[in-house]
1. Starting from the stretch 176-203, keep only residues that are under 17 Å from Gly278 (Cα atoms) and part of a helix (DSSP H, G or I), then list their pairs with residues that are among the polar types (S, T, N, Q) and open to solvent by less than 30 Å² (accessible area, probe 1.4 Å) whose Cβ atoms are within a distance under 6 Å, requiring at least 6 positions of separation or different chains.
2. Within the stretch 209-263, track down each residue that is touching a residue at least 12 places away in the same chain (Cβ under 8 Å), more than 22 Å from Arg195 (Cβ to Cβ), aliphatic (A, V, I, L, M) and part of a helix (DSSP H, G or I).
3. Working carefully through the options Asp167, Asp127, Asp157, find the one that is within 15 Å of Gly277 (Cβ to Cβ), out of contact with any strand residue (DSSP E or B) (no Cβ under 7 Å at 6 or more places or on another chain) and open to solvent by 10 Å² or more (accessible area, probe 1.4 Å).
4. Can you tell me which residues in the stretch 194-234 are among the charged types (D, E, K, R) and out of contact with any strand residue (DSSP E or B) (no Cβ under 9 Å at 6 or more places or on another chain)?
5. Does the stretch 235-246 contain any residue that is of a type in the set (Gly, Ala, Ser), within 17 Å of Ser177 (Cβ to Cβ) and open to solvent by less than 20 Å² (accessible area, probe 1.4 Å)?
6. If you check Ile106 against the conditions, is it surrounded by fewer than 24 Cβ atoms within 10 Å (Cβ to Cβ), β-branched (Val, Ile, Thr), more than 19 Å from Lys304 (Cα to Cα) and out of contact with any Asp or Glu (no Cβ under 7 Å at 6 or more places or on another chain)?
7. Regarding the stretch 237-257, can at least one residue be identified that is under 21 Å from Ile158 (Cβ atoms) and not β-branched (Val, Ile, Thr)?
8. Taking interchain pairs and intrachain pairs at least six residues apart, which have beta carbon atoms under 7 angstrom, with the first residue in the stretch 125-142 and in contact (Cβ under 8 Å) with a residue 40 or more places away in the chain and over 14 Å from Val160 (Cβ atoms) and the second open to solvent by 50 Å² or more (accessible area, probe 1.4 Å) and not in a loop (DSSP other than H, G, I, E, B)?
Amino acid sequence: MAKDVYILGIESSCDDTSAAVLRNNVLLSNVTSSQDVHKAYGGVVPELASRAHQQNIVPVVDQALKRANITKEQLSAIAFTRGPGLMGSLLVGVSFAKGMARALNIPLIDVNHLQGHVMAHFIQEEDNSNTIPPFPFLCLLVSGGNSQIVKINAYNDIEVLGQTIDDAAGEAIDKCSKVMGLGYPGGPIIDKLARQGNPQAFTFARPNIPNMDYSFSGLKTSFLYSLNKWMKEDSDFIEKNKNDLAASLEFTIVDILMKKLRLAVKTTGIKHVAVAGGVSANNGLRNAFHEHAAKYGWTIYIPKFGYTTDNAAMIGITGYFKYLDKQFCSIDKPAFSKVTFE
């Protein structure tokens, strides 16, 4: 009988410090410490984020090991987010992972944050309830920093079919929420308000971008100019119409995302379609996936809410697959901030 593999995953790419332990592909623990300090600034402040990571990383890793009921000496390897992300935040996780791996004399595994989001679909829990997509499958990867359609040929063979040429979908939602004075992060706020609004109440500009690429800067500008015009006519316009504004904004963004995804399915002929990243927690997008499954015969894969935001479980599962292939990382590999698939 093969010996169990225990992977410690560490994620610190933005403002969440997270550690997870997996036994093979089964998640034993997933601990995340979020940072509330950024709400006052309407966005993540890199310097504050990196300082908070320094405070959080030791207790978070300690809790992950305790909840998994294993000792650090039982670990087979340590997987960590090497990038993309905020450089100061990444350096905390990268440095900690390198130091711990060297102290324990176990392999180090670097993980691309974007690949981690996709691979979240392969996490199994103790009850083995998760349905895993077959290769090849398509994945709509949408978050605050990324909007991409990718074709997953194998866990280590990811082909970008289309991506945003400017803003990401999540970034557009956050900025429109900020313009409305609703606070940060905007995603959950817009999602909640949209459930009570009319998605057809307002119309905003849509991009005309070729192929499978995205653009959201024009929509953001259209939203801002429209608000300015309406506010001149009625200073209480936002308060009176915030539900309808949120619903119309969400509807427009989801419609833009799904239109390109339909093109990807038509172009590739692949009907196994997944969604990943922070925006995959949005109810409007999840509902659109279910509607497309019913209408077009897609087989869809939607992650549990806990695996949509930045978390170490997705880093750990990617690390597990790389461990099986002995794809280890040398200790001199630096963090990287650029958004890319290596």
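The values are calculated or read from the model by the stated rules, or taken from the named source; none is laboratory data. For clarity, every value in this text was computed on a predicted model and none was experimentally measured. All Cβ positions, even for glycine, are placed from backbone atoms using ideal geometry, and neighbour counts span all protein chains on display. For the accessible areas, the whole protein counts, side chains as well, though only heavy atoms, and no ligand, DNA or RNA atoms are used. Shrake-Rupley method; radii C 1.70, N 1.55, O 1.52, S 1.80 Å.
1. As it stands, the answer is Gly186/Ser177; Ile189/Ser177; Ile190/Ser177; Asp191/Asn282, since those pairs meet every condition given.
2. Result: Leu224, Leu261, Leu263.
3. Numbers: Asp127 fails: within 15 Å of Gly277 (Cβ to Cβ); Asp157 fails: within 15 Å of Gly277 (Cβ to Cβ).
The conditions single out Asp167.
4. Let us first name the residues in the stretch 194-234 that are among the charged types (D, E, K, R), namely 195, 206, 213, 220, 229, 232-234.
Once the filter is applied, which keeps residues that are among the charged types (D, E, K, R) and out of contact with any strand residue (DSSP E or B) (no Cβ under 9 Å at 6 or more places or on another chain), the stretch 194-234 yields Arg195, Arg206, Lys220, Lys229, Lys232, Glu233, Asp234.
5. Initial filter on the stretch 235-246 (of a type in the set (Gly, Ala, Ser)): 235, 246.
If we keep only those that are within 17 Å of Ser177 (Cβ to Cβ) as well, we get 246.
Next cut, open to solvent by less than 20 Å² (accessible area, probe 1.4 Å) only: 246.
Yes, because at least one residue in the stretch 235-246 is of a type in the set (Gly, Ala, Ser), within 17 Å of Ser177 (Cβ to Cβ) and open to solvent by less than 20 Å² (accessible area, probe 1.4 Å).
6. yes
7. Step one: filter the stretch 237-257 for residues under 21 Å from Ile158 (Cβ atoms), giving 257.
Those left that are additionally not β-branched (Val, Ile, Thr): 257.
Yes - at least one qualifying residue is present in the stretch 237-257.
8. Hits for this filter: Pro133/His272; Pro134/His272; Phe137/His272.
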